[in-house]
Amino acid sequence: MTTGEQMSLAMMLAVPAMLAQLSTVLMSYIDASMVGSLGAGPSASIGLVSTSTWIFGGFCMATTYGFSVQVSHFIGNNDFKAARNVLRQGLVTCLLFSILMSVIGLSIAGRLPFWLGGGADIASDATAYFLIYAAFIPTMQIAFTSGAMLQASGNMKVPSILNVFMCVLDVIFNYVFIFLCDMGVKGAALGTGLAEAVTALLMLYFLTVRSKELNLLQDKGSFIPTVASLKAALGIVGPMWLQNVVMRGAHIMSTIIVAPLGNIAIAANSFAITAESFCYMPGYGLQEATTTLTGQSLGARRRELASSFAKIGISMGAFVMTFLGVIMYFTATFLMGMLSNDPDVVALGAKVLKIEAFAEMMYAVSMVAYGACVGAGDTLVPSLLNLLSMWAVRIGLALVLTPKFGLEGYWIAMCIELNVRGLLFILHMKSGRWMSKFSVSKIN
């Protein structure tokens, strides 16, 4: 393939994923503005537990990758029957795992807000939000797994369209439950959960019935996980679970650092993260496309092609997110104004967004490079790089800067850390070791 053909293929896969991620951004903006209209307290209650929802979601997504990466390798090797066998086993394993996560979430919901340093004034809403979130974890897992399997087969269009559809449903359901049913924060969680449930069923249908490569009606196979598939999945998932604990644990630690600053700071921090997603969600779309392209290329024994796709994806991500970072810098106040009607929240959030604009390029590098590594089954070293970056740099600096400069100090620490993380991933990608984890013998 020529460079132009590689870029064209990368764009063909990336654009639907990027559009889906952008629709997710719009959904987040609309959700946040709906809750933001209720005041700083309700916004702070969701912001308080948001990092905890990330860590549960991260565990579920990591478990999905343990099987979807295997599927992409088998498809690259033209062994579609083996890919479907892994799919069957992956669906069962991921569902059982998500039920366990749901039970854990339900059991800790009442104490979680206080563990995170939240006050009694927002604890009730925070608990209710997390309880409903935890109850819907299995449906979220089904959507994750089905979408990732379709993407592993090269089908980016259907997951993207369904994710856009989920965003539309989320907005409709949230409006109904938050305002018409007057459920407030509980309505926001219920609306999102129901949107995920509907999307999960549709995603599962298109995967198991309509997919040309992976539909399960064309042959028979066992849904009981084999030792071989579980062992291969654990080799991918284990480091990703570590990564999730490292990354999301650091985010929870960040919440604990920010919480003493008060409800205005908690709400501004939460809304600023939502506003920043305007920049980094397209990067996640490119990450998904790069994971698929590198995984299938290596499955086809095309190491040079995998390396080329990784470089193209990283370069595209850096360009797009740098451009969006410039826009975010000059529209920071406008973006925050879309999410909150509290002038103090808007002013503080705009300040930290301008700081974060200087991190977008290297954030894109680390994000897309991680996707390439996952496609190759290389998850241990990237997880260790994130461990070093998040805990040594971000948390270390945040503990020093936040008491002195408030929320701005925390975001300065975040900006520095994201730039350091990008540099670490550049060095890892240049070394070529990210492809050494892959072995043809594993898919034969």
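The numbers here are math on the coordinates, done by the rules we state, and not lab data. What you are looking at is a predicted structure, and each value in this text was computed from that prediction instead of being measured. Cβ coordinates were reconstructed from backbone atoms using ideal geometry, including for glycine residues, and neighbour counts include every protein chain displayed.
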- Task: Check cross-link reach from K220 to the lysines: straight Cα distance under 20 Å, and skip same-chain residues fewer than eight apart.
- Result: K81, K212
- Setting aside same-chain residues fewer than 8 positions from K430, which aspartates and glutamates have a Cα under 12 Å from its Cα? none
- Task: Only Cα pairs under 8 Å and at least 6 apart count here; give the relative contact order of the chain as a rounded whole percent.
- Result: 23
- Task: Highest first, please rank the peptides 305-314, 69-78 by the mean number of other Cβ atoms sitting within 10 Å of their residues.
- Result: 69-78, 305-314
- So, with +1 on the Cβ of K and R and -1 on the Cβ of D and E, and no other charges, what is the size of the charge dipole of the chain about its Cα centre, to the nearest 20 debye? 1440
- FRET E, pair L9, D121, Förster distance 56 Å, beta-carbon r, rounded to 0.05: 0.60
- Taking the dipole about the Cα centre of segment 129-219, with the C-beta of Lys and Arg at +1 and of Asp and Glu at -1, give me whichever of G191, L180, Q151 is farthest to the positive side. Q151
- Query: What is the packing order of peptides 192-198, 84-90, taking the mean over residues of other C-beta atoms within 10 Å and listing the highest first?
  - Reply: 84-90, 192-198
- Task: Grab the Cα-Cα distance for V176 and F358, subtract it from 0.36 nm times how many residues apart they are, and report the gain in nm with one decimal.
- Result: 61.7 nm
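Can you flag which of K351/K404; K186/K354; K157/K231 are past 24 Å Cα-Cα? If you can, show how the numbers build up before the last one.
Values: K351/K404 16 Å; K186/K354 32 Å; K157/K231 31 Å.
Pairs exceeding 24 Å: K186/K354; K157/K231.
Could you pull out every whole DSSP H run in the chain that spans at least 27 Å of Cα extent along its own axis and averages 0.0 or higher on the Kyte-Doolittle scale?
Long hydrophobic helices here: 3-36, 40-76, 80-108, 185-205, 227-258, 263-299, 303-330, 407-431.
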- Query: PRE reach from A347 (point 7 Å along Cα→Cβ): which of segment 252-285 fall under 20 Å by backbone N?
  - Reply: 261-273
- Using a Gaussian network for the chain with springs between C-alpha atoms less than 10 Å apart, which of these wobbles most: A376, A332, A289? A332
- Query: Arranged from highest to lowest average of other beta-carbon atoms within 10 Å per residue, in what order do the peptides 207-220, 318-331 appear?
  - Reply: 318-331, 207-220
